[in-house]
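> Mind looking over this structure? Questions follow.
The values are calculated or read from the model by the stated rules, or taken from the named source; none is laboratory data. The structure displayed is predicted, hence computed values, not measured ones. When we count neighbours, we look across all protein chains shown, and the Cβ atoms used for this are built from the backbone with ideal geometry, even at glycine. In case anyone asks, the SASA skips ligands and DNA or RNA and just uses the protein heavy atoms, side chains included. Shrake-Rupley method; radii C 1.70, N 1.55, O 1.52, S 1.80 Å.
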Amino acid sequence: MNLLTQNSKIKKTAKHFNVRLFNFSIPAYKSKAGMITCPMADTCIKFCYARKGTYPLASKWSELKLEASLKNDFVQAMNQDIKDKKAEYVRVHDSGDYYSKQYLLKWFQIAEDNPEVKFYSYTNNITMIKALKYIPINFDFIFSDSGKQNKFIDKKTDRHTKIFESLEALKKANYTDSSEFDLYATRWHNPTNNVGLVIH
């Protein structure tokens, strides 16, 4: 199965940075069967880009990827896809989130198995991430400011997002814009903790 793909923003970012960047997606917020895939989502549900426009057309594939993530051979399958595509960066979830700690740990194993690849993701599961005693060195988290746990974000020390109405407001607040090129959300391309996104 083709687990890693490229949406339009990821393709544009990969070209801009001249890197092999791919993304992995599962259904946004919940699956067709009712499984909650973004357990800590809140106001972001209303403006989630993955639930609007053409993204629902890709729901078949995100459902299949969710099924794959639940299987025991997910780590092995992902490792093979990373190898086949010669990935340098992987964005975990352009839609969806870590629906369980067990699932998160599968991604940590994938990161450990591919130390030369950089992994990153936006997440609303802030307390789960902060409670971890270990995070692979090649894994970067960006905390979303529109979930149920946004009060646990320390904006001085935590890499986090903030949604803005305009690019002018984003720049005035001293946030780095990652609306157009996704890798500006990561610590490898943004030395600050401030990641700005202009609302779609």
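> Do we have any residue at all in the stretch 6-19 that's modelled with pLDDT under 85 and open to solvent by 40 Å² or more (accessible area, probe 1.4 Å)?
no
This table checks each residue for (1) open to solvent by less than 30 Å² (accessible area, probe 1.4 Å); (2) at pLDDT below 95; (3) part of a helix (DSSP H, G or I).
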position	(1), (2), (3)
GLY34	no, yes, no
PRO39	no, yes, no
ALA50	yes, yes, yes
ALA58	no, yes, yes
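> Filter the stretch 158-189 down to the residues that are surrounded by fewer than 20 Cβ atoms within 10 Å (Cβ to Cβ), among the polar types (S, T, N, Q) and closer than 24 Å to TYR89 by Cβ and list them by number.
Scanning the stretch 158-189 gives THR176, SER179.
> Sticking with this one: Just the residues that are touching a strand residue (DSSP E or B) at 6+ places or on another chain (Cβ under 8 Å) and open to solvent by 70 Å² or more (accessible area, probe 1.4 Å), please, taken from the stretch 132-151.
Answer for the stretch 132-151, where residues must be touching a strand residue (DSSP E or B) at 6+ places or on another chain (Cβ under 8 Å) and open to solvent by 70 Å² or more (accessible area, probe 1.4 Å): just LYS148.
> Pull up the stretch 177-193, narrow it to residues that are touching a helix residue (DSSP H, G or I) at 6+ places or on another chain (Cβ under 9 Å) and farther than 18 Å from VAL19 by Cβ, then point me to the one that is modelled with the highest pLDDT.
Filtering the stretch 177-193 down to residues touching a helix residue (DSSP H, G or I) at 6+ places or on another chain (Cβ under 9 Å) leaves 177-184, 189-190.
Retained after the next criterion (residues that are farther than 18 Å from VAL19 by Cβ): 177, 179.
Values: ASP177: 97, SER179: 94.
Among them, the one singled out is ASP177.
> How many residues are in contact with a helix residue (DSSP H, G or I) (Cβ under 6 Å, 6 or more places away or on another chain) and assigned to a helix (DSSP H, G or I) when one looks only at the stretch 70-100?
Here the count works out to 4.
> Being acidic (Asp, Glu) and within 15 Å of the chain's Cα centre (by Cα), is that true of even one residue in the stretch 132-148?
Yes, the stretch 132-148 has at least one match.
> Just one of GLU67, GLU63, GLU112 is under 14 Å from ILE26 (Cα atoms) and exposed (fewer than 15 other Cβ atoms within 10 Å of the Cβ); which is it?
Result of the check over GLU67, GLU63, GLU112: GLU67.
> I've got another one for you. Could you please tell me which pairs satisfy a Cβ distance under 6 Å, a separation of 6+ or placement on different chains, a first residue in the stretch 107-134 that is within 22 Å of VAL19 (Cβ to Cβ) and of a type in the set (Phe, Trp, Tyr), and a second residue that is in a helix (DSSP H, G or I) and open to solvent by less than 10 Å² (accessible area, probe 1.4 Å)?
From residues that are within 22 Å of VAL19 (Cβ to Cβ) and of a type in the set (Phe, Trp, Tyr), the pairs are PHE119/ALA111.
> I would also like to ask the following. Of all the residues that make up the stretch 79-104, how many are under 19 Å from VAL117 (Cα atoms) and in contact with a strand residue (DSSP E or B) (Cβ under 8 Å, 6 or more places away or on another chain)?
Here the count works out to 10.
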